[in-house]
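The values are calculated or read from the model by the stated rules, or taken from the named source; none is laboratory data. On a predicted model such as this, the values are computed, not experimentally measured, just so you know. Every residue, glycine as well, gets a Cβ built from its backbone with ideal geometry; the counts of neighbours run over all protein chains shown. Just so you know, the surface numbers come from the protein's heavy atoms only, side chains and all, with ligands and any DNA or RNA stripped out. Shrake-Rupley method; radii C 1.70, N 1.55, O 1.52, S 1.80 Å.
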Amino acid sequence: MTPLPNKDPKKVNIKKLTLLAVYTTIALTIFTAESFLPPLAPLPGIKLGLSNIVTLWLLMHTKARDALLVLLMRILLASFFAGQMVSLLYSLAGGLLCFAVMALLFWLLGDKYIVFVSIFGALAHNLGQIAIAIFVTELPSMLAYLPVLAISGILTGTFTGLCAFYLKRHLPPKTAWPL
Amino acid sequence: MIKPCKDKKSLCLIATVLVILLLAAAALGIQLHRASQGETAAKTAVIYQDGEPIRRIPLLPGTTDTFTIESSGDNAGFNTLQIADGKIGISDADCPDKLCVKMGMISSAAYPISCLPHKLVIQIEDTKEEPPVDALTQ
């Protein structure tokens, strides 16, 4: 006798799949909209990173695995749309390092400290991008950007962290993650 | 939230963030100071492509020059470099974000201009007594 379909552990959870797809779309939309904004400073790597709000949001509402999935899909789709494979390398390195740090810190600290999770995530993101810049250009002098990127990471990380914090406060969890 | 908290965790975090901020600001200050110190010294712009120095240009007060550097392969494109009044910058490029153009004209060693999509970097070196040692950046 075959097990009932809804008891099969390998069965895809359609509701969750759809929700993650919606969140990927939201992240992608924010990312695309942000790319139309003029750069904050004429230095590579300085940006608000607004789509990180979605990652923070998912960390607060679901498993880290789902947040990672959405992040990876967003990065892949964004570089497909932008048509730049060079930026994929930068986004992946920054995004994955940022995610690793944020997931660890979130696990340690929890919802209350989401601003700090975001700050350290932004710092890790910028560090990852400098590492790739050094790797790509083969010039260690790219480290000259590190102080500026650290300061900008703290400022932009605070901003996105506060966005996630207030979003969490004002959006009921049933709306955010109706599973 | 960022408000005077009594618990140790948030104090530690705020301290860490402040320390990073201070260290970064200090590093930035030192960098800018060092760059401004060499203001009077002779400067050489070194242009790197794919990590190799391809051209060295002495930045003399009177020189004006414009030339184009083509890159091929998977990072194909061009960058038009401009030299004027002892400064160097990228005046035009076909990279997507044009950040290299927006970085303007530089004359100090504080920040290199980089066009990451084309793997092109312009770095200013202070020409001191021992140029062979100065060139060892690898």
Checklist entry - Which ones in the range B:26-48 are surrounded by 14 or more Cβ atoms within 10 Å (Cβ to Cβ) and within 9 Å of chain A (Cβ to nearest Cβ)? => result B:27, B:28, B:31, B:48
Next on the checklist: Restricting to the range B:91-105, count the residues that are buried (at least 21 other Cβ atoms within 10 Å of the Cβ) and touching a His at 6+ places or on another chain (Cβ under 9 Å).
Outcome noted: 3
Next on the checklist: Is it the case, given these coordinates, that residue A:82 is hydrophobic (A, V, I, L, M, F, W, C), under 23 Å from residue B:95 (Cβ atoms) and within 13 Å of the chain's Cα centre (by Cα)?
Outcome noted: no
Checklist entry - Say we look at the range B:9-63 and pick out the residues that are modelled with pLDDT of 85 or more and polar (S, T, N, Q); which of these is farthest from residue A:135 (Cα to Cα)? => result B:16
Checklist outcome for this item: residue A:72: passes all of (1) crowded, with 17+ Cβ neighbours inside 10 Å; (2) within 20 Å of residue A:16 (Cα to Cα) but (1)
Next on the checklist: When you check residue A:92 against the structure, is it farther than 29 Å from residue A:112 by Cβ, within 14 Å of the chain's Cα centre (by Cα) and at pLDDT 90 or above, yes or no?
Outcome noted: yes
Item to check | Hey, residue B:76 open to solvent by less than 10 Å² (accessible area, probe 1.4 Å), within 14 Å of chain A (Cβ to nearest Cβ) and touching a helix residue (DSSP H, G or I) at 6+ places or on another chain (Cβ under 9 Å) or not | outcome: no
Next on the checklist: Being assigned by TED's automatic domain parsing to the domain that holds residue B:117 and under 14 Å from residue B:112 (Cβ atoms) narrows it down to one residue among B:69, B:83, B:47, B:54; which is it?
Outcome noted: B:47
Checklist outcome for this item: When (1) under 18 Å from residue B:103 (Cα atoms); (2) in contact (Cβ under 8 Å) with a residue 24 or more places away in the chain are applied to residue B:53, the one that fails is (1)
Checklist outcome for this item: Selection over the range A:138-173 where residues are hydrophobic (A, V, I, L, M, F, W, C), within 8 Å of chain B (Cβ to nearest Cβ) and touching a residue at least 12 places away in the same chain (Cβ under 8 Å) yields a count of 6
Next on the checklist: I'd like to verify a number: residues in the range A:127-137 that are facing chain B (nearest Cβ under 7 Å) and either of a type outside the set (S, T, N, Q) or open to solvent by 20 Å² or more (accessible area, probe 1.4 Å) (or both), how many?
Outcome noted: 2
Checklist entry - Filtering the range A:79-98 down to residues that are touching a residue at least 12 places away in the same chain (Cβ under 8 Å) and away from chain B (no Cβ under 13 Å), which residue is surrounded by the most Cβ atoms within 10 Å (Cβ to Cβ)? => result A:98
